[in-house]
Amino acid sequence: MNKLVLTGLGKSFGDTPAVQDVTLSLKQGEFVSLLGPSGCGKTTTLRMIAGFMRPTAGTIAVNNVVLSSPDHSLPPEKRGMSMIFQSYAIWPNMTVGENVAFGLKLRKMPGTELTRRLDQILSVVQLSHLKDRYPAELSGGQQQRVALARAIVIEPEVLLLDEPLSNLDANLREEMRSEIRRLHNEFRITTVYVTHDQSEAMVTSDRIVVMNHGRIEQVDDPISLYNRPKSRFVAGFIGRTNFLDGTLDGGSIVFPGFTATVGLFPDAAQLPRAASFSVRPQTILLHRSAPTDTSNSWWVRGEIVERAYLGEYWDYVVRPENSDLRLRAAAPPLDIHDVGTSVWVEIDPRRIAQIPAPKDETT
Ligand SMILES: Nc1ncnc2c1ncn2[C@@H]1O[C@H](COP(=O)(O)OP(=O)(O)O)[C@@H](O)[C@H]1O
Ligand SMILES: [Mg+2]
């Protein structure tokens, strides 16, 4: 069943569109992220869902009931939703327990049931032992857990989170994004999560909505999004990548400085004349010696022009012979090549994604 449905949703400020033609359905219990660069319209979309802002086009429906349209908007407090902001604003004059129980008291929940729900959620977010502390006596991560517990305990129809981890330091952010997914597995509340951090979106989400300039670029599960980006923007925004732009010529694709055999690409028959590809750094393999078998991969001679050691991997820049291309290759720590040495570059065409050619895209 569809829980939350956005149809042709739009918001303009004066003549300036901030969100355009956003159409999206969330199933009951689904966790979906809105991901995109700053200013792409994520917060505006979320605020419309929460009811803080009325759309200038389209509708928002929950359980098949329209809550927002350009001429009607149900107020936030009547939507049965919880929203968590970047500044997670828990009440400083209330203890952890009082903060979390507040929404239940507001709903006049009987004492025994309230205590049961409160103790359960505090135990899930590992705050039971801190029930009587005040926010000032908690770390940033603990405060964030209070905010999450407070939002979840009322079992909202829809949970909305706007960059909830951006005030935490890097290690804590990593811990909390897994925690958010664990909480979701436990309570299965339909969730819209706004972030500009692709790892956060990939760890937490069932599906990711990539937005750019107020519009949806692509909606997919994390694996498809990474491996089959449909646009250059998505390919470049989700992880690092190389763009290879070539031209089809009979049975070959001519790239700047080298030529590859079309036949090795899985969807060879579908390739347009201007054929572009997104090639992830870890799919470019570097070899010391010439290949003995070239039937499964594209091979080209090249030179190492830059390298950086990042502990978990080497970040190489390799320039194919007779070419100005600079390909980024990620290699295991023991795969050591000096700058200036020549290597054989192997690209497995089954592990790359065809994307629109530069001129086919306006972004
Ligand atoms: N209240 C407002 N008045 C005018 N412009 C706004 C307002 N809120 C947001 N915008 C503009 O709308 C666009 C999208 O903003 P926002 O939704 O906050 O982006 P994001 O959350 O993705 O960073 C931006 O260009 C922003 O400047
Ligand atoms: Mg925002």
(request) Report, ordered by the first and then the second residue, all pairs with beta carbons closer than 7 Å, sequence separation of six or more or different chains, a first member in the range 32-53 that is in contact (Cβ under 8 Å) with a residue 60 or more places away in the chain and more than 22 Å from Gln198 (Cβ to Cβ), and a second member that is more than 9 Å from ligand 2 (Cβ to nearest atom) and assigned to a helix (DSSP H, G or I). (result) Ala50/Pro76
(request) Please tell me if Arg207 is more than 19 Å from Val124 (Cα to Cα) and either among the polar types (S, T, N, Q) or in contact with a Gly (Cβ under 9 Å, 6 or more places away or on another chain) (or both). (result) no
(request) Considering only residues that are out of contact with any Asp or Glu (no Cβ under 9 Å at 6 or more places or on another chain) and surrounded by fewer than 16 Cβ atoms within 10 Å (Cβ to Cβ), look in the range 60-73 and name the one that is farthest from Gly14 (Cα to Cα). (result) Asn64
(message) Of everything in the range 106-115, what is surrounded by 12 or more Cβ atoms within 10 Å (Cβ to Cβ) and part of a helix (DSSP H, G or I)? Give them in sequence order.
(response) Leu114, Thr115
(message) Here is a check on your reading of the model: is Arg350 in the same structural domain as Val254 (by TED's automatic domain parsing), in contact with a Ser or Thr (Cβ under 8 Å, 6 or more places away or on another chain) and within 20 Å of Phe258 (Cβ to Cβ)?
(response) no
(message) It is to be established whether one or more residues within the range 215-222 are assigned by TED's automatic domain parsing to the domain that holds Asp348 and in contact with a helix residue (DSSP H, G or I) (Cβ under 9 Å, 6 or more places away or on another chain).
(response) no
(request) Scan the range 158-178 and report the pairs whose first residue is not assigned by TED's automatic domain parsing to the domain that holds Val32 and whose second residue is of a type outside the set (S, T, N, Q) and modelled with pLDDT of 90 or more, with Cβ atoms within less than 8 Å and a gap of 6+ or a chain change. (result) none
(request) Kindly indicate whether any position in the range 117-127 is more than 16 Å from ligand 2 (Cβ to nearest atom) and either within 30 Å of Val19 (Cβ to Cβ) or among the charged types (D, E, K, R) (or both). (result) yes
(request) Kindly indicate whether any position in the range 15-34 is at negative phi, surrounded by fewer than 21 Cβ atoms within 10 Å (Cβ to Cβ), in the same structural domain as Gln142 (by TED's automatic domain parsing) and within 14 Å of ligand 2 (Cβ to nearest atom). (result) yes
(request) Identify the residue in the range 120-135 that is over 32 Å from the mean Cα position of the chain (by Cα) and part of a helix (DSSP H, G or I) and, among all such residues, is surrounded by the fewest Cβ atoms within 10 Å (Cβ to Cβ). (result) His129
(message) For the range 263-273, check the following and say yes or no: at least one residue is over 29 Å from the mean Cα position of the chain (by Cα), without any contact (Cβ under 8 Å) to a residue 24 or more places away in the chain and assigned to a loop (DSSP other than H, G, I, E, B).
(response) no
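May I ask you to list the residues in the range 122-141 that are without any contact (Cβ under 8 Å) to a residue 40 or more places away in the chain and farther than 16 Å from Gln86 by Cβ?
Leu122, Ser123, Gln126, Leu127, Ser128, His129, Leu130, Lys131, Asp132, Arg133, Glu137, Ser139
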(message) Please go through (1) under 18 Å from Arg188 (Cβ atoms); (2) within 14 Å of ligand 2 (Cβ to nearest atom) for Thr45 and return the number of the only condition it doesn't satisfy.
(response) (1)
(request) Output the residues belonging to the range 56-67 that are touching a residue at least 24 places away in the same chain (Cβ under 8 Å) and within 20 Å of Gln20 (Cβ to Cβ). (result) Thr56, Ala57, Gly58, Thr59, Ile60, Ala61
(message) Name the residue that is farthest from ligand 2 (Cβ to nearest atom), counting only residues in the range 189-220 that are farther than 17 Å from Leu9 by Cβ and aliphatic (A, V, I, L, M).
(response) Ile189
(request) Scan (1) within 15 Å of ligand 1 (Cβ to nearest atom); (2) hydrophobic (A, V, I, L, M, F, W, C); (3) crowded, with 22+ Cβ neighbours inside 10 Å for the single condition Ala57 breaks and write down its number. (result) (3)
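The values are calculated or read from the model by the stated rules, or taken from the named source; none is laboratory data. Keep in mind that this is a model prediction, so the values were computed, not measured. Methodologically, a virtual Cβ is constructed for each residue, glycine included, from the backbone with ideal geometry; neighbour enumeration extends over all protein chains shown.
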